[in-house]
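Remarks on the structure that follows.
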Amino acid sequence: MTVVLSNAGNIWTYRGSLGPDHWHIDYPHCGGTHQSPIDLQTRDAVVDPTHLSPIVFYGYDRVSNLNYTLENNGHTVQIGLNEKTMMISGGGLSDTYIAEQFHFHWGAVDERGSEHSLNGRYFPMEMHIVHYNKKYGNISSSVDKADGLAVLGFFFEVGRFNFHFQEIINNFGDIQYNDEKVQIHSIPMIDLMPARLANYYRYVGSLTTPPCYESVTWTIFNETIEIAEEQLVQFRTTIFENDKSDGGVSMDLSDDYRPVQCMFRRRLYASHPSLKYNAATQNVMVVGDGNSAASNEPHRISLFFMCSAWLWFLQLFFSL
């Protein structure tokens, strides 16, 4: 999750020697045991509809006269919410959280792009709406607190043309390169979200970008957002990670997602019994290239052994 501090400190990327496998060298929190994203294994979810009541949204249906700040920060497309009037509470959250910004993670093809996965299935894009705890005053003071941030996550699926998101995409020509930004007309956030928001998953985790502070209460909604293939192509072909002054070939920003992390001893919670279904049923779910979600099985096995080895190392280290 790209928030403040994402451009601070050492340089990091999503590929090569500065990619996710190496983040922990310069950012120790990235090697923690409560990291994000994760694979949402629904068969392991604890159903808790009493605690996980519907989230209460304040100001999400209003539009002010202030503009949003649309920015390419070299890691994602981010929209800064300049007026801090949108808030959430309830839904098992301990406090009131104020919306700071929202941003996207997307893949070069439809079969990948989301940071979280659902029973091994990935989506072409994921949106995060980042909120900070009101009691800390601002996001800079909240980002490293255990209860500092609450992030709402939404999966995208290829489908109908989304006119609301097109209002954002229409401005991509002004933010093609790193560190470019433009003011755009504000949009009611409720228009960008699914209609049904009562069903969601919950777990405690971290920022998905350096410094990877373990300060996030994650809410991942079950209902997806539809977007047309040609709109996804705009993300993939017009947004670059390099500076305009670099010259030469522009570097595509696609595949700006961190691989799923070990769950360790954390719990995944669900707000409704319908969200806890047998993961085996997902093997018949068709993804973009016609393959079933069963094709992700080797990845899940690899993740299992990696997490087991990491847990063994931690136990050995702390026993010394």
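Put a dot 7 Å past the Cα of GLU157, heading toward its Cβ, do the same for ILE187, and the two dots end up 2.0 nm apart. Note on VAL63 and ASN82: the extension gain reaches 5.7 nm, defined as 0.36 nm multiplied by sequence separation minus the Cα-Cα distance. What the Cβ-Cβ distance of VAL46 and MET251 gives, at R0 = 41 Å and to the nearest 0.05, is a FRET efficiency of 0.45. Ranked by the mean number of other Cβ atoms within 10 Å of their residues, highest first, the peptides 108-115, 129-136, 269-276 come out as 129-136, 108-115, 269-276.
Please get the size of the charge dipole for the range 41-100, origin at its Cα centre, with Cβ charges of +1 on Lys and Arg and -1 on Asp and Glu, quoted in debye to the nearest 20.
80 debye
What residue among GLN183, ILE239, PRO211 has its Cα farthest toward the positive end of the dipole of the range 130-263, where the charges are +1 on Lys, Arg and -1 on Asp, Glu, each on the Cβ? Working it through, the farthest residue towards the positive pole turns out to be PRO211. The dipole here belongs to the range 16-277: it is taken about the Cα centre, uses +1 on the Cβ of Lys and Arg and -1 on the Cβ of Asp and Glu, and is about 1080 debye. Modelled this way, with points 7 Å down the Cα-to-C-beta line, the labels at ALA146 and HIS272 are 3.2 nm from one another.
Once the Cβ-Cβ distance of ARG196 and HIS24 is raised to the sixth power relative to R0 = 41 Å, the FRET efficiency obtained is 0.60.
For the pair the range 119-182 and the range 48-116, the centres of their Cα atoms are 6 angstrom apart.
Read-outs: derived from the displayed coordinates by stated rules, not from any lab. The structure displayed is predicted, hence computed values, not measured ones. Note that each Cβ is placed from the backbone with ideal geometry, even for glycine, and that neighbours are counted across all protein chains shown.
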